[in-house]
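Q: Let me give you the structure first, and then I'll get to my questions.
The values are calculated or read from the model by the stated rules, or taken from the named source; none is laboratory data. On a predicted model such as this, the values are computed, not experimentally measured, just so you know. Heads up, the Cβs are rebuilt from the backbone with ideal geometry, glycines too, and the neighbour counts pull from every protein chain shown.
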Amino acid sequence: MEYRFGFLLGLAAGVTAGLVLLMVLFKKKVLDMHFDERQERARGKAYQYGFLTLAAVMLALGSVDAAGFHWCDLMAGMTLCICAGTLVFAAAAIWKDAYLGLYETPWKVAALFAVLSVCNLSIGMSSLMSGRVVEDGVLTFRAANLLLGALLLVILGLYALRCLTRRETEEDGE
């Protein structure tokens, strides 16, 4: 009983801290979600691809579990599905230059992603080192931080790659 109460209390504290962080970021104009029409169309397509990916991964995960291959718990599976859908959305939006708003500063968003990635990966590595990520051959919810940290790192890498390819294209056009 104490463990569940502690888990719920920790989850509530994490959600509260995340909401406070978002409010501060919006207030400081680090996240300013204004997009032009071209970006809105590209983001709409990216959302569509992300949603379809989310649905496909959820269906695959449910099918594998229904077939008797229980390899992850519910929270780990949900996190995996969310990460897959988010990655497809981010990749599609980044490649169409529709990931950042008109007034967002790219280096601030990149720095935020880097910090969040390091925080999540360090928590995840702590869980991994303690042996709590996989229990009885089943991936547990403690893998969520590793998954989220890796997701943020991949998104950051995609954004850096896009910036490099855009810069090369601009240099070739001169």
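Q: Exactly one of (1) of a type outside the set (S, T, N, Q); (2) over 23 Å from LEU19 (Cα atoms); (3) surrounded by fewer than 16 Cβ atoms within 10 Å (Cβ to Cβ); (4) touching a Phe, Trp or Tyr at 6+ places or on another chain (Cβ under 8 Å) is unmet by GLY68. Its number?
A: So GLY68 meets the others, but not (4).
Q: Kindly indicate the residue of segment 100-141 that is assigned to a helix (DSSP H, G or I) and touching a residue at least 40 places away in the same chain (Cβ under 8 Å) and also farthest from GLU40 (Cα to Cα) among those meeting that condition.
A: First, the residues of segment 100-141 that are assigned to a helix (DSSP H, G or I): 106-129, 141.
If we keep only those that are touching a residue at least 40 places away in the same chain (Cβ under 8 Å) as well, we get 106, 108-110, 112-114, 141.
Working: PRO106: 18, LYS108: 22, VAL109: 19, ALA110: 21, LEU112: 23, PHE113: 22, ALA114: 26, PHE141: 34 Å.
Among them, the one singled out is PHE141.
Q: For the condition modelled with pLDDT of 90 or more, out of contact with any helix residue (DSSP H, G or I) (no Cβ under 6 Å at 6 or more places or on another chain) and closer than 23 Å to TRP107 by Cα, what is the one hit in ALA56, ALA46, ALA42, ALA17? Walk me through how you get there before you give the answer.
A: Working: ALA56 fails: closer than 23 Å to TRP107 by Cα; ALA46 fails: out of contact with any helix residue (DSSP H, G or I) (no Cβ under 6 Å at 6 or more places or on another chain); ALA17 fails: modelled with pLDDT of 90 or more.
Of ALA56, ALA46, ALA42, ALA17, the one residue that is modelled with pLDDT of 90 or more, out of contact with any helix residue (DSSP H, G or I) (no Cβ under 6 Å at 6 or more places or on another chain) and closer than 23 Å to TRP107 by Cα is ALA42.
Q: Which of the residues belonging to segment 74-99 are polar (S, T, N, Q) and in a loop (DSSP other than H, G, I, E, B)? Don't jump to the end; show me each part of the working.
A: At the first step, the residues of segment 74-99 found to be polar (S, T, N, Q) are 79, 86.
Answer for segment 74-99, where residues must be polar (S, T, N, Q) and in a loop (DSSP other than H, G, I, E, B): there is none.
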